[in-house]
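Undergrad: Okay, handing you the structure first.
The values are calculated or read from the model by the stated rules, or taken from the named source; none is laboratory data. Everything quoted here is computed from the prediction, not taken from an experiment. Neighbour counts run over all protein chains shown; Cβ positions are idealised from the backbone, glycine included.
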Amino acid sequence: MIQEADVLLKVEQLTKYFPVKGGIFGKKTLQQVKAVDGISFEIKRGETFGIVGESGCGKSTAGRAIMRLLEPTSGDVHFEGVNLSKLDKNEMRKMRKDIQIVFQDPFASLNPRMRVYDIIEEPLINFEMGDKKERKVRVHEVAEQVGLTIAQLSRLPHEFSGGQRQRIGIARALVTKPKLIIADEPVSALDVSIQSQVLNLMRDLQKEFGLTYIFISHDLSVVKHFCDRIGVMYLGKMVEITNKHDLYDDPLHPYAKSLLSALPTSHPLQVKERIILEGDVPSPSNPPSGCTFHPRCFACMDVCKTVAPTLQEVKSNHFVSCHLFEEEGVKSG
Ligand code: SF4
């Protein structure tokens, strides 16, 4: 458990369902797509918490629901002790000064008709931060911090490479001096050589400004390199949460084991048994009964088909949602 005073963000039973409408007038809810289905976790100040999982597991929806870019269906999100779910629209809008987002596709997320200077300045105007002169000082300051020159600020986004565009996206997120940045696949669209430059920049900024990151990615190698603790998502649920060393050295949940078995080993002579997952990820509008992973699980038992496991602390700070570990309870140390 994280000490209460160190907790920056606490997510409790967060759900986001999307109704599928139909019927004669298209207004009847026929079913719900359970994109995020009751996830809970805490994030410590200054840490990088990774959310990892296959495409469609709900990780990006979770990021948006945390900052209420998508209105959650239920659950609570406490940020510095304030329950975001209870804020009205105006109060939430002000709160977003402290919680910013960096998107995956730096080109699609930047207005192609706006100069880089205006893109970075825009959040300061939206949050009514500073007068024109103060905003200019701040835009120049943050541009320098992310490695952009003053001359580049008068250009348009299409004049930049992918890596530079992501620097602009980071500058825009950073300009309001947020405490938490949700980075949604921030390097997935970039070449490998550029990925490390952007990740190093994000790490330097974290050290300098004490930033906390939620780092959403499908790339297990990048998550291992960048995150302190990691939550593994499957079909809208968190199935395992622990620090990166425990997850990568000794994953417990069968899904996490399968995912990580696909990673190359660091030693050429080390042979690792690859666990091939059978079948595709089921539809979140019609998830399997019991443990939603059971149709693909190599360790499935009868109970798994009917009873959903809950996330439990099975070792110190190591949480798993799986019937295999329910007897073990919390071990100290
Ligand atoms: Fe596999 Fe059962 Fe654990 Fe689900 S609960 S991951 S089906 S062993």
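Undergrad: Considering only region 317-327, how many residues are away from the ligand (no atom under 11 Å from the Cβ) and modelled with pLDDT of 95 or more?
TA: 2
Undergrad: Take the conditions crowded, with 16+ Cβ neighbours inside 10 Å and modelled with pLDDT under 90 and apply them to Leu269. Does it pass?
TA: When the stated conditions are applied, Leu269 does not pass them.
Undergrad: I need every pair where a residue in region 291-308 that is without any contact (Cβ under 8 Å) to a residue 40 or more places away in the chain and exposed (fewer than 14 other Cβ atoms within 10 Å of the Cβ) has its Cβ under 8 Å from the Cβ of a residue that is in a helix (DSSP H, G or I) and of a type in the set (Val, Ile, Thr), sequence separation at least 6 or different chains.
TA: none
Undergrad: In addition: Considering only region 37-49, I want to know if a residue exists there that is touching a Lys or Arg at 6+ places or on another chain (Cβ under 9 Å), acidic (Asp, Glu) and closer than 30 Å to Leu205 by Cβ.
TA: Checking region 37-49: at least one residue is touching a Lys or Arg at 6+ places or on another chain (Cβ under 9 Å), acidic (Asp, Glu) and closer than 30 Å to Leu205 by Cβ.
Undergrad: Output the residues belonging to region 234-257 that are without any contact (Cβ under 8 Å) to a residue 60 or more places away in the chain and in contact with a Pro (Cβ under 7 Å, 6 or more places away or on another chain).
TA: The answer is Lys257, and nothing else.
Undergrad: Tell me which of these Val20 doesn't satisfy, since it passes every other one: (1) assigned to a helix (DSSP H, G or I); (2) out of contact with any Pro (no Cβ under 9 Å at 6 or more places or on another chain).
TA: (1)
Undergrad: Take Gln195 and tell me if it is buried (at least 18 other Cβ atoms within 10 Å of the Cβ) and either under 14 Å from Gln104 (Cβ atoms) or at pLDDT 95 or above (or both).
TA: In short, yes.
Undergrad: Further question: Residues that are within 12 Å of the ligand (Cβ to nearest atom), at least 2 per element: which helices (runs of 4 or more DSSP H) completely within region 203-316 meet that?
TA: Ranges flagged: 254-261.
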